[in-house]
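For reference, the structure I am asking about is given below.
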Amino acid sequence: MNFAEDFTEFIESRGFRFERTNNLFYFPDREITIVLQPLNGSPIWAGTIAKEHTAPIYIYEDRWYTKGDILRKRICARLGEFTSIFARKCVIEKISGVECNSFMERYHNYGKARCKYSYALRYKGQTVAAASFSTSRPMPRVINGENIVLNSYEWVRYASLPDTRVVGGMGRLLQAFINDIHPDEVMSYCDKEWSEGEAYIRLGFQRVEEKPPIMFYVNKVTYERISAQKLQRDKVFRDLKVTEDQYVAICNMGSAKFLKYCGPLLPNNIYLCST
């Protein structure tokens, strides 16, 4: 069974109503489009999808077979099957980097990442969402026409249980970090395989930059994914030979960069990245 057939069987087993055109699956009940990106085919980009197919989600074959259980739950949640928990009913706790990384490895698309500050939302003793943030970096900005340097932090990761919608979870974890650390600004990236960053906009972020797609090499047998950049600079892969019979090159969908100013109230709400 190939990737598209496997995906179709899963969707049919859940009883979701859909319309299919090759590797494009449209769900009219939710106005969501899921685009399959097989390893042996050309990628489908957002600009080539008809306008009536809104909110595209991109599922890559290697992810389907390495993180299948999580992806299935996330897809079901997007299509209306999820447990809803209100963040206000959760307890916020600072957690260790080890605990946060363990949660991200299980539930985030890209796994763990280096961070300085980590927070979790607990519901009845269970971690239902977590967020991690970096150390500070001095960043030049233009505010009301004046060049200044802000104390900037990156919001590195956010993840929740894949079959659970934590209503207000992102906002509550972000506010906990802001209350504790008092950053001048927070920066984050949106993975365009799953969204265009609407959640960041609702939290007061500004979309400031588009990041190009990143190339990866995927092992055709194990589906291990290695970024081309890591392959060049990481000594671990120094002796790895990437051949066409063993690996296939793919690109993700890129990302969007968002900034949120957290400093004193701006008279004219003018907050721009410096060039």
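The values are calculated or read from the model by the stated rules, or taken from the named source; none is laboratory data. A quick note: this is a predicted structure, and the numbers were derived from the prediction, not measured. Note: ideal-geometry Cβ built from the backbone for every residue, glycine included; neighbour counts use all protein chains shown.
If I ask for residues that are farther than 20 Å from residue 131 by Cβ and more than 15 Å from the chain's Cα centre (by Cα), which ones from region 186-211 would you list?
Correct list: 208, 209.
Identify, from the list 226, 178, the residue that is outside the structural domain of residue 106 (by TED's automatic domain parsing) and β-branched (Val, Ile, Thr).
226
Please specify each residue of region 104-124 satisfying the condition of being over 20 Å from residue 193 (Cβ atoms) and either among the hydrophobic types (A, V, I, L, M, F, W, C) or modelled with pLDDT of 95 or more (or both).
115, 116, 117, 118, 119, 120, 121, 122, 123, 124
Step by step: first the residues of region 24-66, then only those that are buried (at least 17 other Cβ atoms within 10 Å of the Cβ) and at pLDDT below 90, then the one that is farthest from residue 250 (Cα to Cα). Which residue is that?
Across region 24-66, the extreme among qualifying residues is 53.
Right, something else. Quick check on region 87-100. Is at least one of its residues under 18 Å from the mean Cα position of the chain (by Cα) and not assigned by TED's automatic domain parsing to the domain that holds residue 224?
Yes, region 87-100 has at least one match.
Any idea how many residues of region 171-193 are modelled with pLDDT of 95 or more, surrounded by fewer than 19 Cβ atoms within 10 Å (Cβ to Cβ) and closer than 28 Å to residue 61 by Cα?
Total meeting the criteria: 1.
Scan 136, 132, 96 and give me the residue that is free of Cβ contacts under 8 Å to residues at least 60 places away in the same chain, crowded, with 20+ Cβ neighbours inside 10 Å and among the hydroxyl-bearing types (Ser, Thr, Tyr).
Step by step, each of 136, 132, 96 is checked, and only 132 is free of Cβ contacts under 8 Å to residues at least 60 places away in the same chain, crowded, with 20+ Cβ neighbours inside 10 Å and among the hydroxyl-bearing types (Ser, Thr, Tyr).
Looking at region 91-203, what strands (runs of 3 or more DSSP E) fall wholly within it and have at least 1 residues that are under 20 Å from residue 258 (Cα atoms)?
Qualifying strands (runs of 3 or more DSSP E): 117-123, 126-133, 137-143, 146-160, 185-191.
List pairs: first in region 243-257 and more than 30 Å from residue 188 (Cα to Cα), second crowded, with 17+ Cβ neighbours inside 10 Å, Cβ under 8 Å, 6+ apart or cross-chain?
Close Cβ pairs (under 8 Å, with a partner that is crowded, with 17+ Cβ neighbours inside 10 Å) amount to 247/217; 247/218.
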